[in-house]
Ligand SMILES: NC(=O)c1ccc[n+]([C@@H]2O[C@H](COP(=O)([O-])OP(=O)(O)OC[C@H]3O[C@@H](n4cnc5c(N)ncnc54)[C@H](O)[C@@H]3O)[C@@H](O)[C@H]2O)c1
Ligand SMILES: O=C(O)[C@H](O)COP(=O)(O)O
């Protein structure tokens, strides 16, 4: 049974699919204090949040069984994603469902601010008829500076153009081709803020964007500029904004988000030139339904071990790409497990090389899977290793991971090679996926082999001499162990050789130790793939 805690208000309709699953239990407990959350989180495998629940490192440490966090929305700055990643917890968000609502809200705030609508409304409600006090500005032919031209920024730009505004944007990750497609001028942050009559920010809150708009930027702005923040509190430094409003640099501001939410202590809340809403950008019926359906669907796939997208702490692949690499994931995990079982010493370096058609595909997920295979053997009970935390676990153990693509032809459509170096030795595997036959190990430490990596296998490194295989077979037979498959390989007569014996069930360690003493046997490993 998977138990999921829903700790922020999320559309019930979105949760239907999960509620209908016999092995999923949903507990909705909103408005929990941090202490209450800490007390109960240990019982859950899944957690659904919006922006209110603070999923801190402390909460994650208490969440001993947690496997997945679903964020019904875009921003994950309320989740300690780094700590979640270290613990192998997948964080999945719903990046598309509230784009239009957030863009419409940003635009509504822009217009409301330009025409003093909230202030005039409030006055009239209080019985005042203030026609002279609230003279606004037109949007027509004004310059709108957009900082962050992603999903929401682009939608805001479209709406601005419909109002005949000139749009200029700053986004260091936007290509000039994309800007051209959107029909938008691209500039530096300085160019944008110097030219704009209105500035709206639509970036995530990151180390890089924290206080992106601060006192020096306000001093560069046109006098009378108007500012909108419907993205995240902290992209604009509130103290600097307040100062710029009071100095008359900024004529008005429209804020949906705040450095501290709710912003009860912030002087901006009461400021006559500031239009405020309580983080309502995504609060529409449509957006809430969309994000709940999207995230619930993804979490459902995750829990059912099916392909899912939109994980923020691991690569997400489009379904067609995932279907293409999926057979290689099984190969990768088994190659990882195999090499980890046959190598001696502490791992220092893992090199994974890809050749063939696959080099054009998303190979990061294959690399993660190789690492998962290796580390799950080496770390054993230390903690769960999965695709999410495998790279970080390797790094934290000082293991260098090198991923590369090669154009070398090996006679296979695709080839994955894994080279592992320890403080003691180095081992090499190459594998491929054969159409209709599945995963195959085709090279083991320089020996050409054709091994189907599955089940219980005895891997025997030995000297190529008569009688060895017979003696091993007898020892296994005497212990009533049936040999189901056998693969042998050697590079030269009488030289080093390799044998893979597929057996029906695992054998006792005493028998392994006994076989190791058969003359000519150099190493014997039991592997369960
Ligand atoms: N108020 C709300 O309720 C509400 C609703 C939805 C989203 N949001 C917030 O809106 C923001 C944008 O969401 P989105 O869905 O458009 O995200 P997005 O990822 O589609 O777009 C973000 C854009 O910011 C750009 N960017 C990143 N770092 C930058 C930097 N240093 N300088 C300039 N640009 C930078 C990225 O290249 C990207 O194009 C997020 O902070 C999100 O949390 C708020
Ligand atoms: O990042 C987001 O998706 C928005 O800020 C919405 O947050 P909310 O789900 O708390 O309304």
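The values are calculated or read from the model by the stated rules, or taken from the named source; none is laboratory data. Source: prediction; values computed, not measured. Here Cβ is always computed from backbone atoms with ideal geometry, including for glycine, and neighbour counts include all displayed protein chains.
Taking segment 270-297 as the search range and keeping residues that are more than 17 Å from residue 151 (Cβ to Cβ) and touching a strand residue (DSSP E or B) at 6+ places or on another chain (Cβ under 6 Å), which one is nearest to ligand 1 (Cβ to nearest atom)?
Residue satisfying both the conditions and the ranking: 276.
Being away from ligand 1 (no atom under 15 Å from the Cβ), assigned to a helix (DSSP H, G or I) and over 30 Å from residue 48 (Cβ atoms) is the requirement here; does residue 334 meet it? Spell out how you get there, then give the answer.
Numbers: away from ligand 1 (no atom under 15 Å from the Cβ): yes; assigned to a helix (DSSP H, G or I): yes; over 30 Å from residue 48 (Cβ atoms): yes.
For residue 334, the condition - away from ligand 1 (no atom under 15 Å from the Cβ), assigned to a helix (DSSP H, G or I) and over 30 Å from residue 48 (Cβ atoms) - is met.
Condition test on residue 84, is it more than 16 Å from ligand 2 (Cβ to nearest atom) and touching a residue at least 40 places away in the same chain (Cβ under 8 Å)? Even if it seems obvious, please write down each step before you answer.
Details: more than 16 Å from ligand 2 (Cβ to nearest atom): yes; touching a residue at least 40 places away in the same chain (Cβ under 8 Å): yes.
Taking the combined requirement at face value, the residue satisfies it.
Inside segment 141-227, counting only strands (runs of 3 or more DSSP E) that do not spill past its ends, which hold 3 or more residues that are within 13 Å of ligand 1 (Cβ to nearest atom), within 32 Å of the chain's Cα centre (by Cα) and closer than 21 Å to residue 274 by Cα?
Counting at least 3 such residues, we get 143-147, 198-201.
Kindly evaluate residue 216 against the criterion of being at pLDDT 95 or above and exposed (fewer than 12 other Cβ atoms within 10 Å of the Cβ).
Here the answer is yes, as residue 216 does meet what is asked.
Among (1) within 13 Å of ligand 2 (Cβ to nearest atom); (2) free of Cβ contacts under 8 Å to residues at least 60 places away in the same chain, which single condition is residue 256 missing?
(2)
Do we have residue 148 as in contact (Cβ under 8 Å) with a residue 60 or more places away in the chain and in the same structural domain as residue 208 (by TED's automatic domain parsing) here?
Values: in contact (Cβ under 8 Å) with a residue 60 or more places away in the chain: yes; in the same structural domain as residue 208 (by TED's automatic domain parsing): yes.
Judged against the criteria, residue 148 is a match.
For segment 271-287, name all the residues that are in a loop (DSSP other than H, G, I, E, B) and either touching a residue at least 60 places away in the same chain (Cβ under 8 Å) or within 12 Å of residue 253 (Cα to Cα) (or both).
Matches in segment 271-287: 271, 272, 273, 277, 279, 280, 281, 282, 283, 284.
Among the residues of segment 509-522, how many are touching a strand residue (DSSP E or B) at 6+ places or on another chain (Cβ under 7 Å), surrounded by 13 or more Cβ atoms within 10 Å (Cβ to Cβ) and at negative phi?
Qualifying residue count for the region: 4.
With respect to residue 432, determine if the residue is within 30 Å of the chain's Cα centre (by Cα) and either more than 24 Å from residue 525 (Cβ to Cβ) or assigned to a strand (DSSP E or B) (or both).
Against the criterion (within 30 Å of the chain's Cα centre (by Cα) and either more than 24 Å from residue 525 (Cβ to Cβ) or assigned to a strand (DSSP E or B) (or both)), residue 432 qualifies.
Run residue 33 past the list (1) without any contact (Cβ under 8 Å) to a residue 12 or more places away in the chain; (2) within 20 Å of the chain's Cα centre (by Cα) and report the number of the one that doesn't hold.
The one condition residue 33 does not meet is (2).
Is there a residue being within 16 Å of ligand 2 (Cβ to nearest atom), in contact (Cβ under 8 Å) with a residue 60 or more places away in the chain and out of contact with any strand residue (DSSP E or B) (no Cβ under 9 Å at 6 or more places or on another chain) anywhere in segment 109-128?
Within segment 109-128, not a single residue is within 16 Å of ligand 2 (Cβ to nearest atom), in contact (Cβ under 8 Å) with a residue 60 or more places away in the chain and out of contact with any strand residue (DSSP E or B) (no Cβ under 9 Å at 6 or more places or on another chain).
Please find, among 506, 466, the residue that is within 21 Å of residue 377 (Cα to Cα) and either in a loop (DSSP other than H, G, I, E, B) or out of contact with any strand residue (DSSP E or B) (no Cβ under 6 Å at 6 or more places or on another chain) (or both).
From the options 506, 466, the qualifying one is 506.
Looking at segment 39-53, can you tell me whether even one residue there is at positive phi, more than 19 Å from the chain's Cα centre (by Cα) and within 16 Å of ligand 2 (Cβ to nearest atom)?
No; the residues of segment 39-53 include none that is at positive phi, more than 19 Å from the chain's Cα centre (by Cα) and within 16 Å of ligand 2 (Cβ to nearest atom).
Kindly establish whether residue 431 is touching a strand residue (DSSP E or B) at 6+ places or on another chain (Cβ under 6 Å), outside the structural domain of residue 402 (by TED's automatic domain parsing), crowded, with 18+ Cβ neighbours inside 10 Å and closer than 30 Å to residue 355 by Cβ.
no
State the number of residues belonging to segment 337-371 that are in a strand (DSSP E or B) and closer than 15 Å to residue 421 by Cβ.
Summing the residues that are in a strand (DSSP E or B) and closer than 15 Å to residue 421 by Cβ in segment 337-371 gives 7.
Determine whether residue 210 is farther than 21 Å from residue 255 by Cβ, assigned by TED's automatic domain parsing to the domain that holds residue 250 and surrounded by fewer than 18 Cβ atoms within 10 Å (Cβ to Cβ).
When the stated conditions are applied, residue 210 does not pass them.
Could you list all residues from segment 1-11 that are in a strand (DSSP E or B) and buried (at least 20 other Cβ atoms within 10 Å of the Cβ)?
Across segment 1-11, the qualifying residues are 2, 4, 5, 6.
Taking only segment 229-253 into account, find how many residues are closer than 19 Å to residue 149 by Cα and either in contact (Cβ under 8 Å) with a residue 60 or more places away in the chain or within 11 Å of ligand 1 (Cβ to nearest atom) (or both).
Here the count works out to 7.
Could you check residue 300 against (1) under 26 Å from the mean Cα position of the chain (by Cα); (2) away from ligand 2 (no atom under 16 Å from the Cβ); (3) surrounded by fewer than 17 Cβ atoms within 10 Å (Cβ to Cβ) and say which number it fails?
Of (1) under 26 Å from the mean Cα position of the chain (by Cα); (2) away from ligand 2 (no atom under 16 Å from the Cβ); (3) surrounded by fewer than 17 Cβ atoms within 10 Å (Cβ to Cβ), only one is false for residue 300: (3).
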